[in-house]
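Please treat every number below as a calculation from the coordinates, not as lab data. Just so you know, these numbers come straight off a predicted model, no measurement behind them. Methodologically, a virtual Cβ is constructed for each residue, glycine included, from the backbone with ideal geometry; neighbour enumeration extends over all protein chains shown.
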Ligand SMILES: Cc1cc2nc3c(=O)[nH]c(=O)nc-3n(C[C@H](O)[C@H](O)[C@H](O)COP(=O)(O)OP(=O)(O)OC[C@H]3O[C@@H](n4cnc5c(N)ncnc54)[C@H](O)[C@@H]3O)c2cc1C
């Protein structure tokens, strides 16, 4: 690990200030970022720990489920609010990685990282969620720009994700046996129940994904 300054702000304005104008990086659950630092694959001048900002919590706002960025996968997986509003999202979170990863990893970190094998990006895209940041609100298809690439600016932080509650949704993945990351993942949303589309068989899903770029997309 290279040397860096460590900041733990308690206000969003201080966090974005610490990130601005330098090559500082945000730290959420550290599940991806800490190994990157340990392997000297990044050399930020400062690390801005987001854990003091109070960015955790799950709530219902009108017909939307709102999850704050620092909410862990375990909190999503075990939340009665999520289980009632979008059970498929609780199922998804409960099958991310292992127990340690679910206790530390956050929804904001997962989306900011935009790993093509991660589970949340496909959910955010398929459910038509909105990603709220310190600067703006972005629809999922504006947010994801390619493998490990998003519309986030260096000093911009995800603060919360708002999911419109669907009539039905489901998420399935072929997990890598070691990490549980998705080799292929698919999410289906039913916005109306009148003529629900059939769930595609797994081989149909694979066939449709063949040759597609490794990033979340709507088929
Ligand atoms: C062994 C293992 C297995 C895993 N299995 C799965 C799996 O099955 N499915 C899956 O989906 N994921 C999986 N993951 C990923 C994991 O769930 C985390 O979501 C992911 O590592 C990043 O989340 P984090 O909170 O740890 O973020 P960090 O590692 O702290 O940060 C990741 C990146 O996001 C940036 N960032 C973090 N928070 C914000 C924010 N609020 N605003 C802007 N930028 C931010 C950081 O600067 C950094 O660049 C696995 C990880 C490991 C280590």
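Things to note:
- Once the gyration tensor of the Cα atoms in the stretch 108-158 is diagonalised, the equivalent ellipsoid follows with semi-axes of 16, 13, 9 Å, ordered largest first.
- Contour minus Cα-Cα distance for residue 142 and residue 100 (0.36 nm per residue): 12.0 nm
- When 31, 147 are sorted by how many other C-beta atoms sit within 10 angstrom of their C-beta, beginning with the fewest, the order is 147, 31.
- DSSP-defined beta bridges in the stretch 6-125 - what % are antiparallel, rounded to 5: 50
- Over the stretch 55-192, the fraction of Cα-Cα pairs per 5 Å bin, rounded to whole percents and listed from the shortest bin up, is 2, 11, 22, 27, 22, 13, 4, 0.
- Contour minus Cα-Cα distance for residue 174 and residue 40 (0.36 nm per residue): 45.2 nm
- Averaging the Cα positions of each part gives two centres, and for the stretch 37-81 and the stretch 2-28 these lie 16 Å apart.
- Over the stretch 1-96: Kirkwood hydrodynamic radius from C-alpha pairwise inverse distances, Å: 15.0
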